[in-house]
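Single-structure report; data block below.
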Amino acid sequence: MAESAGEPSPRIVVLSGQVGSGKSTLGQGLAGRFDVTYVRTQELMYDAAARAGEALPNERRALQEYGERLDRDTREQWVAEGVSALVARGGAASSLVVVDAVRTVGQIEALRAAFPSLVTHIHVHAPRSVLGYRYANRSDSGIAELENYDAVAMNATEANVTSLQANADVAIDTDRSSIADVLTRAAAALGMWSSRAERLVDVYVGGQYGSEGKGNIAYHLAHEYDVLMRVGGPNAGHRVPTEPPYTHRLLPSGTLANSNALLLIGPGTTLDLDVLMGEIADCAVEADRLVIDSQAMVIEAEDVAAEATLKATIASTGKGGGSAASRRIMGRSAQHEPPVRLARDVPELAPYVGSTASRLEQAFAAEKRVMLEGTQGTLLSLFHGYYPFVTSRDTTTAACLSEAGIGPHRLRRVIMVVRTYPIRVGNPANSTSGRMSQEIDWDVVAERSGLNGDDLRRVEKGSVSQTDRRVSEFDWEMLQRASELNGATDIALTFVDYLDGSNMNARRFDQLAKGTIHFVEEVSRVAGAPVSLISTGFDTRSLIDRREW
């Protein structure tokens with residue numbers, strides 16, 4: 001068996017089919033989508049001719065006849081010998097080699113002998129009339145073609161290719177399947193799609209009214225993930241403990257904490273182009289590191305203007321996300337103004353636009369871990385919050401998965417972030433932005449904790465709106481409901497320094513104030529999930545990690 005420097009041989013995928021059946025389309029599709037080494041037998045012919053000091057014309061008939069000559073001279077071993085030589089010299093960098101294409105059973109059997117139990121034969125086929133039509137309408141193939149398909153099929157070996165279907169491990173009718181379908185079926189037969197049994201996604205979601213400190217938690221744990229993904233829109237700001245602190249509104253909160261992670265912005269996201277391009281520049285994000293899904297929606301100036309009333313009535317941030325979301329629904333008519341623009345329609349985003357679904361599939365196939373970062377909080381959900389004082393979208397775990405395009409079977413953990421004193425952004429017009437249970441004043445928090453009330457009021461402003469925040473007692477009923485809605489497996493409890501100022505210096509659980517430890521224990525009981533992470537402040541050493549995962 002052919003081996004390279006003691007390394008195990010790769011799997012070999014052998015393609016067969018008549019001219020025009022779609023072999024090269026499939027082979028190139030596999031090479032473009034997966035990590036494979038793509039080998040064209042046509043190139044093996046040119047190599048053989050060069051070694052023999054012969055000139056091989058770049059013509060269909062000449063290639064057919066030279067292939068038959070090589071079969072006679074090598075007893076149909078030349079394809080196997082060429083692939084074996086490639087593997088032996090380390091030319092097959094991936095674990096899968098796609099051979100495009102073979103024309104005889106003997107060539108296939110020679111490959112099976114060289115790579116025992118490692119060869120999969122895929123045969124593609126289509127009706128003769130379809131092959132003739134494709135041949136007549138094909139684009140430049142790079143070689144001088146014959147006058148029509150009948151002339152191609154006159155070659156005896158070509159005429160016998162249809163018999164290879166009986167030898168194949170997989171046979172696909174390319175007339176009854178689209179190009180994407182053929183690729184999907186072949187990849188499934190080769191086991192190239194990732195196992196759906198692998199749970200690789202952790203969702204970080206807010207359990208209250210937003211501003212729970214999700215950015216701080218995500219920043220601290222970002223180094224554990226290979227992919228960082230965010231959904232939502234620019235109306236939510238996540239502040240991270242860099243020096244000076246930075247607020248992310250569209251990029252994942254771990255962008256600056258893990259420079260090696262792939263960054264994804266999901267198809268359900270609404271984009272403010274100025275905010276996005278500013279963040280990309282601020283964080284020096286290269287195009288090969290960030291993928292913005294082509295389906296993400298662009299917020300227009302008209303959307304921001306449309307939300308002016310909401311700013312005055314329900315303390316909306318007024319950043320246009322809700323208007324854009326409604327326009328995405330109503331804008332399905334071509335006459336709608338302004339027209340809907342998706343990320344794929346914006347020239348300046350072109351270097352970053354792609355399919356987050358395909359990048360996620362690649363990550364799952366490689367068993368890479370994904371952090372999915374939600375925005376805002378559960379009780380701001382359009383469906384589960386106190387309407388009308390809600391945001392324009394659902395904010396629960398299920399909604400985050402949907403906006404990202406991730407199936408629930410991928411979910412490993414749900415880390416629900418809650419703060420010791422829930423807050424809502426205040427409304428300058430009428431001093432309310434929706435219901436809160438047992439609202440109190442910041443002076444009460446200051447008195448209990450020993451912190452300075454003026455300092456608290458200075459810090460407690462909306463990350464995006466910059467308006468003063470209202471504060472309330474901890475809402476235990478809300479904790480239980482949010483945990484149920486989100487399927488919380490873990491609780492991240494933030495702002496424990498607001499319970500007792502001495503907690504600010506705690507680096508271990510046993511260093512927390514006694515009352516705080518009792519509070520943590522009750523949070524765990526009511527939520528039905530362990531308090532795995534405890535934030536004692538806003539700096540790079542402010543997280544007590546009690547996880548068992």
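Things to note:
- Applying the criterion of being among the charged types (D, E, K, R) and touching a helix residue (DSSP H, G or I) at 6+ places or on another chain (Cβ under 8 Å) to the residues of the range 231-274, the residue that is nearest to S542 (Cα to Cα) is R239.
- A305 being modelled with pLDDT under 95 and small (G, A, S): yes
- Residue that is farthest from H125 (Cα to Cα), among those in the range 157-179 that are in contact with a helix residue (DSSP H, G or I) (Cβ under 8 Å, 6 or more places away or on another chain) and of a type in the set (G, A, S): A159
- Of all the numbered requirements in (1) outside any loop (DSSP other than H, G, I, E, B); (2) surrounded by 14 or more Cβ atoms within 10 Å (Cβ to Cβ), E348 misses one, and that requirement is (2).
- Each residue in the range 149-187 was checked for being of a type outside the set (F, W, Y) and in a helix (DSSP H, G or I), and 24 pass.
- Search result, residues across the range 454-480 that are of a type outside the set (S, T, N, Q) and touching a residue at least 60 places away in the same chain (Cβ under 8 Å): G462, V464, R469, D475, M478, L479
- You will find that of R33, R103, R11, the residue that is within 25 Å of R138 (Cβ to Cβ), at pLDDT below 95 and not polar (S, T, N, Q) is R33 and no other.
- Search result, residues across the range 167-197 that are outside the structural domain of G22 (by TED's automatic domain parsing) and of a type in the set (D, E, K, R): R196
- Matching residues in the range 188-233 - criterion: being hydroxyl-bearing (S, T, Y), assigned to a loop (DSSP other than H, G, I, E, B) and either at pLDDT 95 or above or buried (at least 22 other Cβ atoms within 10 Å of the Cβ) (or both): Y209, S211, Y225
- Test: V340 is crowded, with 16+ Cβ neighbours inside 10 Å and over 15 Å from V203 (Cα atoms): yes
- Test: residue in the range 249-266 that is surrounded by 24 or more Cβ atoms within 10 Å (Cβ to Cβ) and β-branched (V, I, T): yes
- Between V275, V201, the distinction of being over 24 Å from V425 (Cα atoms) and not basic (K, R) belongs to V201 only.
- Any chance E65 is under 45 Å from the mean Cα position of the chain (by Cα) and not basic (K, R): no
- Screening the range 434-549 for helices (runs of 4 or more DSSP H) wholly inside it with 1 or more residues that are in contact with a Gly (Cβ under 7 Å, 6 or more places away or on another chain) and of a type in the set (S, T, Y) returns the ranges 442-449, 476-486.
- Filter result for I440 (over 26 Å from A325 (Cα atoms) and aliphatic (A, V, I, L, M)): yes
The values are calculated or read from the model by the stated rules, or taken from the named source; none is laboratory data. Computed from a prediction, not measured in an experiment: that's the story for all the values here. Glycine also receives a Cβ, built like all others from the backbone with ideal geometry; neighbour counts cover every protein chain displayed.
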